[in-house]
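The values are calculated or read from the model by the stated rules, or taken from the named source; none is laboratory data. A quick note: this is a predicted structure, and the numbers were derived from the prediction, not measured. Positions of Cβ are generated from backbone atoms using ideal geometry, with glycine treated the same way; all protein chains shown enter the neighbour counts. Just the protein is used for accessible areas: all its heavy atoms, side chains included, with ligands, DNA and RNA removed. Shrake-Rupley method; radii C 1.70, N 1.55, O 1.52, S 1.80 Å.
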Amino acid sequence: VEWALVTGASSGIGKRCLSRLRQRHISVIGGARRFKTQPVEPSLEIYLDLSQAESIVNFVRKSLALLRRSSGHFKYLVLNAGEVASPTSWRDQSMSQFEKNIKTNFTGHLQLLRLLQQSGELANMSAIVFIGSIYGRLGDANVLSYCAAKAAVEIASNALAKELAPKVRVNCVLPGHIETPMMASAGQAFRSQVIERTPMHRIGRVDEVAEVVEFLLTSGTFITGSSVVVDGGYQLR
Ligand SMILES: NC(=O)c1ccc[n+]([C@@H]2O[C@H](COP(=O)([O-])OP(=O)(O)OC[C@H]3O[C@@H](n4cnc5c(N)ncnc54)[C@H](OP(=O)(O)O)[C@@H]3O)[C@@H](O)[C@H]2O)c1
């Protein structure tokens with residue numbers, strides 16, 4: 001049995017990545033705050049708060065316990081969870097809010113990787129995909145910590161690609177504007193503006209991101225250290 005791990009698997013892009021991998025008969029462990037692990041029955045959906053170090057430790061411990069029961073190993077990793085948090089000028093964001101947002105979008109995933117490395121799981125892996133954002137390249141007002149964290153995600157993905165080669169391929173997917181609760185929370189005016197500025201004149205679908213993630217994990221055997229932009233041309237000037 002092949003195993004995969006997807007963070008932020010309770011919604012949007014992560015949820016679709018999880019279901020696409022399960023369709024390939026891969027056992028997928030999902031992490032998110034919305035998941036409440038059953039007290040008795042071991043569940044593939046495990047509580048994870050990436051902004052809390054202790055939660056990450058518990059998540060990895062429970063995930064590894066599940067793996068060991070089936071003598072399995074993680075083959076694929078999708079580091080997808082992310083949060084814009086309430087958009088506000090950096091002037092009004094406290095340092096603790098700033099640091100929490102960086103943890104959720106970036107350093108929480110590094111801690112998770114470190115724990116997997118210490119358990120020996122990283123060495124057995126085949127491929128890792130990070131979900132960054134075009135906003136990690138563009139930057140935008142009122143989302144400074146999110147943009148900074150997403151820029152870090154892309155560079156960390158490149159750095160890891162070098163370090164983990166030739167065994168583990170590491171790539172990054174940079175979505176533009178995709179139809180998810182995150183996008184819905186940005187409001188109608190933003191949405192209309194985006195559609196107008198996007199050469200393909202629409203918002204993307206979660207499956208259009210998830211299919212790229214699946215390709216980078218299971219095919220793309222000579223692709224590592226790459227970033228794939230999935231934004232309908234929004235980045236083009
Ligand atoms: N939608 C877009 O237009 C777009 C564009 C560029 C990049 N992205 C990126 O794509 C990824 C997925 O976003 P989405 O659009 O699918 O948004 P979404 O529907 O809001 O999903 C976000 C996921 O991240 C999880 N999450 C948030 N904070 C977390 C935390 N502290 N600990 C653990 N999990 C957490 C959420 O689960 P819980 O709430 O249950 O914890 C949820 O499963 C994110 O990294 C996002 O930045 C999205």
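The residues of region 8-55 expose on average 54 square angstrom of accessible surface per residue, using a 1.4 Å probe on protein heavy atoms.
Computing FRET efficiency as 1/(1 + (r/R0)^6) for Leu236 and Phe98, where r is the C-beta to C-beta distance and R0 is 25 Å, gives about 0.20.
Is the shape of region 1-55 rounded, prolate or oblate, going by the alpha carbon gyration tensor and its root eigenvalues a ≥ b ≥ c, with a/c under 1.5 for rounded and a/b larger than b/c for prolate? It is oblate, given that a/c is not under 1.5 and a/b is not larger than b/c. Temperature 25 °C, viscosity 0.890 mPa s: under these conditions the Stokes-Einstein estimate for region 34-152, based on its Kirkwood radius over C-alpha pairs, is 158 µm² per second. By its C-alpha gyration tensor, with a ≥ b ≥ c as the square roots of the eigenvalues, how is the chain shaped: rounded for a/c under 1.5, else prolate for a/b larger than b/c, else oblate? Since a/c reaches 1.5 and a/b is larger than b/c, the shape of the chain is classed as prolate. Can you give me the angle between helix 12-23 and the longest principal axis of the chain, using Cα atoms only, in degrees from 0 to 90, rounded to the nearest 10? Rounded to the nearest ten degrees, it is 40.
Taking 0.36 nm per residue of separation and subtracting the Cα-Cα distance, full extension of the segment from Val57 to Gln188 would add 43.3 nm. Computed about the Cα centre, the dipole magnitude for the chain is approximately 300 debye when only Lys and Arg (+1) and Asp and Glu (-1) carry charge, each at its Cβ. I'd like the orientation of helix 144-164 relative to the chain: the angle between its Cα long axis and the longest Cα principal axis, in ° from 0 to 90, rounded to 10. Value to nearest ten degrees: 40. Solvent-accessible area assigned to carbon and sulfur over the chain amounts to 53 percent, based on a 1.4 Å probe.
Distance from the C-alpha centroid of region 78-114 to that of region 201-237: 23 Å, rounded to the whole angstrom. Rounded to whole Å, give me the distance from the Cα center of region 1-29 to that of region 122-186. Each part reduced to its Cα centre gives a spacing of 17 Å.
Between Lys167 and Ser70, full extension at 0.36 nm per residue minus the direct alpha carbon distance yields a gain of 32.6 nm. Stretching the chain fully between Arg34 and Phe222 yields a gain of 64.1 nm (0.36 nm per residue, less the alpha carbon separation).
Once the Cα atoms are used to define both axes, helix 108-118 deviates from the longest principal axis of the chain by about 20 degrees. Judged by the mean number of other Cβ atoms found within 10 Å, the most tightly packed of the peptides 217-226, 175-184 leads the ranking 175-184, 217-226.
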